[in-house]
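Engineer: Got a structure here, written out as structure tokens. Questions coming.
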Amino acid sequence: MAGFLFYGVPVKRASTLLCLCAGALFSVPSWALDRGELALVVNTLDPLSVQIGKYYARKRAISFQNVVRVAFAPGKPSLSGEEFQAIYDEVNTQLRPHVQAFALAWTAPWRVECMSITAAFAFGFDPSSCAWGCKPTRPSSYFASSSRKPYTHLGIRPAMLLAATSLENAKALIDRGVASDGTHPEGTAYLLTTEDAARSVRSPGYLLARRVAKGRLPVKILQQDALTYRTDVLFYFTGKARVAGLDTLRFLPGAMADHLTSSGGALTDRGGQMSALAWLEAGATASYGTVVEPCNLPQKFPHPAVAIAHVLRGETLIEAYWKSVRMPGQGVFVGEPLATPFAARRH
């Protein structure tokens, strides 16, 4: 990774990114994406997908017109481009034109060839959003955007997996998201620089996160490998292949957390690196991980300052998380998309 670039922005021009974050935070609060603009996609051949979809539609009062049903063999971690295209074409035949985003009610598949499935749904399968190895991928025009209608304005429908390995875990995730809405929680953002230097490349942006959250949210920048025994976790960004101490933490409803590593988005592959699902199982409401080796290009991972700014502005987790990744083609977003802990108060 070139040392003179940070999220694709020259370090000497980092003030530009600060302005984008500060603009998001201090502009008029955003009316967040709402349930009428979200399409819920269910795989009718996957019993767990059907159950998750049914529960989510009820808890979020999603109309039957916004529930899209497709049928494909469940459980495979990856789809070919041709397999995905057939599913995507079927989704588009059922889609209402005003839909701005997707909730995908399954855990697998999480990949389309070398592209994440959430990016494939957002952009369509596109080799320019996909790369093997240490190469940049297509930048997203949604990065640090002020748009609240990404499809109308940018032709992008961000997607998030309602991912869980059991209905019990899925219900707990959904309930946390719903419970978070409009609570304006008094939590803390924890930003860790670990002994793993290669996975701590987001650290230069931590001071920016503190600046944009000043007066709204405490931001603790810590030099340590793990966070333990905290009860106020609203954001937790770190860099490790595996994160210790999650069972000692209490995540507030609406919490966002991820670890910069190579295969955190390999959701059902519990190998040498921790799956992003571990964050959800520990109590976070949304997470992120890459599905193939991205190298440690920070543009392919969430920018903490951008994510925090957009959550504090009153946007949903799907909006804030997607806007924080400059090159999301290899990254999968998981969680409860409509959670809005800092929802703008209507008068």
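Engineer: Please give the number of the condition residue 294 fails out of (1) closer than 24 Å to residue 77 by Cα; (2) modelled with pLDDT of 95 or more; (3) not hydrophobic (A, V, I, L, M, F, W, C).
Structural biologist: Single failed check for residue 294: (2).
Engineer: Could you list, in sequence order, all residues of the stretch 48-63 that are among the hydrophobic types (A, V, I, L, M, F, W, C) and under 15 Å from residue 336 (Cβ atoms)?
Structural biologist: If we filter the stretch 48-63 for residues that are among the hydrophobic types (A, V, I, L, M, F, W, C), which is where we start, we get 48, 50, 52, 57, 61-62.
Residues satisfying the conditions are 52, 57, 61, 62.
Engineer: Evaluate the stretch 124-140: report whether one residue or more is more than 22 Å from residue 249 (Cα to Cα), acidic (Asp, Glu), outside the structural domain of residue 230 (by TED's automatic domain parsing) and in contact with a helix residue (DSSP H, G or I) (Cβ under 9 Å, 6 or more places away or on another chain). Walk me through how you get there before you give the answer.
Structural biologist: Start the filter on the stretch 124-140 by keeping residues that are more than 22 Å from residue 249 (Cα to Cα), which leaves 124-140.
Now drop any that are not acidic (Asp, Glu), which leaves 126.
So of that shortlist, the ones also outside the structural domain of residue 230 (by TED's automatic domain parsing) come out as 126.
Of the ones still in play, those that are also in contact with a helix residue (DSSP H, G or I) (Cβ under 9 Å, 6 or more places away or on another chain) are 126.
Yes: the stretch 124-140 contains one or more residues that are more than 22 Å from residue 249 (Cα to Cα), acidic (Asp, Glu), outside the structural domain of residue 230 (by TED's automatic domain parsing) and in contact with a helix residue (DSSP H, G or I) (Cβ under 9 Å, 6 or more places away or on another chain).
Engineer: Also, I was wondering about something else. Considering 108, 103, which residue is closer than 20 Å to residue 156 by Cβ and either assigned by TED's automatic domain parsing to the domain that holds residue 280 or at pLDDT 95 or above (or both)? Walk me through it before giving the result.
Structural biologist: Details: 108 fails: closer than 20 Å to residue 156 by Cβ.
Of 108, 103, the one residue that is closer than 20 Å to residue 156 by Cβ and either assigned by TED's automatic domain parsing to the domain that holds residue 280 or at pLDDT 95 or above (or both) is 103.
Engineer: Then there is this: Restricting the first residue to the stretch 231-243 and requiring it to be closer than 16 Å to residue 194 by Cα, which pairs with a second residue that is modelled with pLDDT of 95 or more and among the basic types (Lys, Arg) meet a Cβ separation below 9 Å and a spacing of at least six or different chains?
Structural biologist: Qualifying pairs under 9 Å: 236/230; 237/202; 238/199; 238/202; 239/199; 239/202; 240/199; 241/199.
Engineer: If you take the residues of the stretch 278-309 that are among the hydroxyl-bearing types (Ser, Thr, Tyr) and in contact (Cβ under 8 Å) with a residue 60 or more places away in the chain, which of them is nearest to residue 321 (Cα to Cα)? Reasoning before the result, please.
Structural biologist: Applying the first criterion (among the hydroxyl-bearing types (Ser, Thr, Tyr)) to the stretch 278-309 yields 285, 287-288, 290.
Okay, now just the ones that are also in contact (Cβ under 8 Å) with a residue 60 or more places away in the chain, so 285, 290.
Details: 285: 11, 290: 14 Å.
The extreme case among them is 285.
Engineer: Checking the structure you have, find out if any residue of the stretch 271-279 is over 18 Å from residue 336 (Cβ atoms), at pLDDT 95 or above, surrounded by 15 or more Cβ atoms within 10 Å (Cβ to Cβ) and of a type in the set (Phe, Trp, Tyr).
Structural biologist: Looking through the stretch 271-279, none of the residues is over 18 Å from residue 336 (Cβ atoms), at pLDDT 95 or above, surrounded by 15 or more Cβ atoms within 10 Å (Cβ to Cβ) and of a type in the set (Phe, Trp, Tyr).
Engineer: Moving on. Only one of 265, 239, 254 is closer than 16 Å to residue 200 by Cα, crowded, with 22+ Cβ neighbours inside 10 Å and not hydroxyl-bearing (Ser, Thr, Tyr); which?
Structural biologist: The conditions single out 239.
Engineer: Oh, and also: If you take the residues in the stretch 60-79 that are among the charged types (D, E, K, R) and surrounded by fewer than 17 Cβ atoms within 10 Å (Cβ to Cβ), which one is modelled with the lowest pLDDT? Reasoning before the result, please.
Structural biologist: Pass one, the stretch 60-79, residues among the charged types (D, E, K, R): 60, 69, 76.
Filter again for surrounded by fewer than 17 Cβ atoms within 10 Å (Cβ to Cβ), leaving 69, 76.
Working: 69: 98, 76: 94.
Here the residue is 76.
Engineer: Looking at the stretch 177-221, which of its residues are farther than 24 Å from residue 250 by Cβ, without any contact (Cβ under 8 Å) to a residue 24 or more places away in the chain and of a type in the set (Lys, Arg)?
Structural biologist: Within the stretch 177-221, 214 is the sole residue that qualifies.
Engineer: May I pose another question? Would you check if residue 255 is in a strand (DSSP E or B), assigned by TED's automatic domain parsing to the domain that holds residue 209, at pLDDT 95 or above and more than 21 Å from residue 114 (Cβ to Cβ)?
Structural biologist: Details: in a strand (DSSP E or B): yes; assigned by TED's automatic domain parsing to the domain that holds residue 209: yes; at pLDDT 95 or above: yes; more than 21 Å from residue 114 (Cβ to Cβ): yes.
Against the criterion (in a strand (DSSP E or B), assigned by TED's automatic domain parsing to the domain that holds residue 209, at pLDDT 95 or above and more than 21 Å from residue 114 (Cβ to Cβ)), residue 255 qualifies.
Engineer: A follow-up question, please. Please specify each residue of the stretch 319-347 satisfying the condition of being touching a Leu at 6+ places or on another chain (Cβ under 7 Å), of a type in the set (A, V, I, L, M, F, W, C) and assigned to a helix (DSSP H, G or I).
Structural biologist: Across the stretch 319-347, there are no qualifying residues.
The values are calculated or read from the model by the stated rules, or taken from the named source; none is laboratory data. Since this is a predicted model, take the numbers as computed values, not measurements. Don't worry about glycine lacking a Cβ; one is built from the backbone with ideal geometry, like all the others, and counts go over all protein chains shown.
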